[in-house]
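Working notes for the structure below.
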Amino acid sequence: MEPQEIREGYLVKKGTLLNTWKAVWAVLSEDGVEFFKKKTDRSPKGMIPLKGATLVSPCQDFGKRTLVFKLTTDKKQDHFFQASHVEERESWVKDIKRVLTCLQGGKRFARKSTRRSIRLAPTINLSELYALMKDQDDGVKELKLEQDNRIFNHCFTGATVVEWLISKEKARNRPEALMLATGLLNEGFLQPAGDLAKDGAESGDQTNFLDQTNGLYYFADSGFFCEGNSSDEDVLLKEEFRGNIVKQGCLLKQGHRRKNWKVRKFILRDDPAYIHYYDPTKGDDPLGSIHLRGSVVTAVEYVPDAKKYDIDGNLFEIITSDEVHYFFQAATAEERREWIKAIQTVSKSGK
């Protein structure tokens, strides 16, 4: 009987021999994780057995590389994976944890909602708490704050987080709120912005979150950026990142020159209407951006000059207002529909 496929999608994986990170197509089943060089490959590059394995998330072994989780097999071999955003990592981790629990108890995997614990009481769900904190009307307000002659955009103070948790009755007092905030920081939901907060996060203290007005933080999935002495051109570029993040994830994108297809991480923002794309194996600097105001996005069945990749459907095209064509491939038909709908909405509403 074939193992049940539980979750699949693009992840970035660290090589087992070389210190290189590459995008792979990962498939989680009832007994292991298979990873493929590309989605259309029939044979996997490798398989990680999960019986007797352990999971560490978040894994902070790689400094600035965030959203990493680690699988250690029964034979003590480490495998490191990186997700493209917080919610994606949480989904993978939740399902892998349940697979490990089922294997340990000799049971079959059954998908049902369970209560999770992340170093806190079983009643605490950090994913739900993070979503409440990001609520535009009732959440923690993102501000433009100045510190050490630098401007920090889309951020807030540690004291603000602690006070919000108490005011919303998520914690009874400041020490309890501080433990919650530390959990959000350790799990990667909150990120340190200024030098003081970064030093605190790396201190190794039990509560490495600063309940202070000069400790600055930002949401992991926000439009955060820092300005020093910027030129007018720099300020104009930063304008692209001021919009709220509407959708993000990995897609295949066709290159303009060589017409080859590569996995790219995409972040769609609403006002101004931009989609930025990144190399998911590298840092936070985008490879490029597409201004979506007035653009047209449609599903297509064929891509001219498709080379060096087996394209198997779920294609769509963006045509910008100045007639530039971009081609993409989603992993599933549902994912293609979601991206098209989100891009259409942003192209009409964003400036």
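Residues in the range 204-217: is at least one under 16 Å from R65 (Cα atoms), surrounded by 15 or more Cβ atoms within 10 Å (Cβ to Cβ) and in contact with a strand residue (DSSP E or B) (Cβ under 6 Å, 6 or more places away or on another chain)?
So in the range 204-217, the residues under 16 Å from R65 (Cα atoms) come out as none.
No, the conditions are met nowhere in the range 204-217.
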Subset of the range 1-29 [open to solvent by less than 30 Å² (accessible area, probe 1.4 Å) and either among the hydroxyl-bearing types (S, T, Y) or more than 19 Å from the chain's Cα centre (by Cα) (or both)]: I6, Y10, G15, S29
Count - residues of the range 48-76 that are in contact (Cβ under 8 Å) with a residue 60 or more places away in the chain and assigned to a strand (DSSP E or B): 0
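Every residue, every condition in (1) in contact (Cβ under 8 Å) with a residue 12 or more places away in the chain; (2) in contact with a Ser or Thr (Cβ under 8 Å, 6 or more places away or on another chain), yes or no:
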| position | (1), (2) |
| --- | --- |
| R172 | no, no |
| A177 | yes, no |
| A193 | yes, no |
| L196 | yes, no |
| N208 | yes, yes |
Among residues of the range 1-21, those that are modelled with pLDDT under 85 and closer than 12 Å to E34 by Cα, counted: 2
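When you check F35 against the structure, is it open to solvent by 10 Å² or more (accessible area, probe 1.4 Å), within 30 Å of F219 (Cβ to Cβ) and aromatic (F, W, Y), yes or no?
Details: open to solvent by 10 Å² or more (accessible area, probe 1.4 Å): yes; within 30 Å of F219 (Cβ to Cβ): yes; aromatic (F, W, Y): yes.
The answer is yes for F35.
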Candidate set: the range 321-348, residues that are in a helix (DSSP H, G or I), surrounded by 12 or more Cβ atoms within 10 Å (Cβ to Cβ) and among the small types (G, A, S); chosen: the one modelled with the highest pLDDT: A342
Any pair with Cβ under 6 angstrom, 6 or more apart, that starts in the range 29-42 at a residue that is without any contact (Cβ under 8 Å) to a residue 24 or more places away in the chain and ends at one that is of a type outside the set (S, T, Y): E34/V27; E34/P44; E34/M47; F36/W25; F36/P44; K37/K45
Restricting the range 120-136 to residues that are surrounded by fewer than 14 Cβ atoms within 10 Å (Cβ to Cβ) and of a type in the set (G, A, S), the residue that is modelled with the lowest pLDDT: A121
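The values are calculated or read from the model by the stated rules, or taken from the named source; none is laboratory data. Bear in mind the structure is a predicted one, so any value in this text is a computation, not a measurement. Using ideal geometry, Cβ is built from the backbone for each residue, glycine included, and neighbour counts are taken over all protein chains shown. Ligands, DNA and RNA are stripped out before the accessible areas are found, and what is left, the full protein with its side chains, is counted by its heavy atoms. Shrake-Rupley method; radii C 1.70, N 1.55, O 1.52, S 1.80 Å.
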